[in-house]
1. Among Tyr202, Tyr300, which is under 22 Å from the mean Cα position of the chain (by Cα) and under 30 Å from Phe330 (Cβ atoms)?
2. Identify all residues within the range 15-51 that are in a loop (DSSP other than H, G, I, E, B) and in contact with a helix residue (DSSP H, G or I) (Cβ under 7 Å, 6 or more places away or on another chain); write none if there are none.
3. What residue, among those in the range 22-52 that are closer than 21 Å to Pro12 by Cα and not aromatic (Phe, Trp, Tyr), is nearest to the ligand (Cβ to nearest atom)?
4. Between a first residue in the range 247-267 that is more than 11 Å from Trp315 (Cα to Cα) and a second residue that is among the hydroxyl-bearing types (Ser, Thr, Tyr) and part of a helix (DSSP H, G or I), which pairs have beta carbons less than 8 Å apart while being 6 or more apart in sequence or on different chains?
5. All but one of (1) closer than 14 Å to Gln46 by Cβ; (2) part of a helix (DSSP H, G or I); (3) in contact with a strand residue (DSSP E or B) (Cβ under 8 Å, 6 or more places away or on another chain) hold for Phe63; state the number of the condition that does not hold.
6. Is the range 161-179 home to any residue that is within 24 Å of Val239 (Cβ to Cβ), within 16 Å of the ligand (Cβ to nearest atom), not aliphatic (A, V, I, L, M) and not in a strand (DSSP E or B)?
7. Hey, could you check the range 53-71 for residues that are closer than 18 Å to Phe108 by Cβ and open to solvent by 20 Å² or more (accessible area, probe 1.4 Å) and say which is nearest to the ligand (Cβ to nearest atom)?
8. Restricting the search to the range 107-158, which residues are part of a helix (DSSP H, G or I) and in contact with a strand residue (DSSP E or B) (Cβ under 6 Å, 6 or more places away or on another chain)?
Amino acid sequence: MATRSAIRETAPARLIRDLDAYRIGWELIDHARYSYWGGLRAVVVQFSRGCPHPCTYCGQRGFWTRWRHRDPVRFAAELARLHREHGVRVINFADENPTVSKKVWRTFLEALIAENVDLILVGSTRADDIVRDADILPLYKRAGWERFLLGLESTDTATLDLIRKGATTTTDREAIRLLRANGILSMATWVVGFEEERDRDYWRGLRQLLAYDPDQIQMLYVTPHRWTPYFRLAEERRVIQLDRRRWDYKHQVLATRHMPPWRVLLWFKLIEVILQARPKALARIYLNRDPRLRHAMRWYTRMGRRVWPHEILAWLRDPLTRTGPTVAAFWGRGQEREEAMAVRAAARSHPAGREAA
Ligand code: SF4
């Protein structure tokens, strides 16, 4: 809380356990002004908040403290109403991990199918949830799912262990295969900028990404935020980006031990272009038999063509520093302890644990 003279730290806010106790003020939105997915009318929603997984670089667990979800049937009815009354076509899930409970998720999918509305659903989830749900992926498709962003983060087992992702390279690959078999696009996120990376790691990563064969790739730079456990691991690393607004995963912020920033950028951009412009990817963009997926791939490609050169030009225009401080000196002490206290406080006030898993 900020007063006129100082910033004062207040106690953690009370956890909203029942997300249905509050309604979204849809009447405040002029839906005609919001589009996504290539000009289609769209809204951003949350079916759930939080995530039960402990990935060290991610702040979601600390921020939302525990996983909770909305009533799946009421939620499906709300999406259907947005379609019928406001012409909404695309539902963009802002959830960190909406599929935590298979039982609840299946109820939601069946309820939305029963509403019989022509919606496009896009969002993020974990690869192991997709593999777990192999038998109900046809329900995902019938409900309208068109793309999942899968946070693979790395194709290197040691890195996955370091960030405590709790994933395996086999599961990640299988999730992409299953999504494709069910007519759903996959976008893989891949994180670079870990301290010990060398050219050979990028080369190996590129080959593995090609073997995974995702439809779309989203490259990110590792970014140690103060409220994540990863901050502690990166405290002594050298900062090369002094503009805090750019600590957004899309800018290089840390020096790596064995590679200059320009070479990291080169690999980053090269991997993007190889993944998206290889013959297989081009065939999916231009010859896809499913008109909905063809539209999605073409729209994503158009966006990528604008972003790709823009990021290179921005890198050239705004030079990175060579003499930056360490992460700890730049940001101050980590906030992991405060986040952990908030999680414990929330758990004490609601000791029932995960209600739906
Ligand atoms: S990275 Fe994904 S799975 Fe891991 S804690 Fe964050 S939201 Fe959960």
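1. Answer to the selection: Tyr202.
2. Result: Leu15, Trp37, Gly38, Phe47, Gly50, Cys51.
3. So the residue we want is Cys51.
4. From the range 247-267, the pairs are Trp267/Tyr202.
5. (3)
6. Taking every residue of the range 161-179 in turn, at least one turns out to be within 24 Å of Val239 (Cβ to Cβ), within 16 Å of the ligand (Cβ to nearest atom), not aliphatic (A, V, I, L, M) and not in a strand (DSSP E or B).
7. By that ranking, first place goes to His69.
8. Ala127
The values are calculated or read from the model by the stated rules, or taken from the named source; none is laboratory data. All figures in this text were calculated on a predicted structure; none of them were measured in a lab. A quick note on method: Cβ atoms are made from the backbone with ideal geometry, for glycine too, and the neighbour counts reach across all protein chains shown. Surface areas here come from the heavy atoms of the whole protein model, side chains and all, with no ligands, DNA or RNA. Shrake-Rupley method; radii C 1.70, N 1.55, O 1.52, S 1.80 Å.
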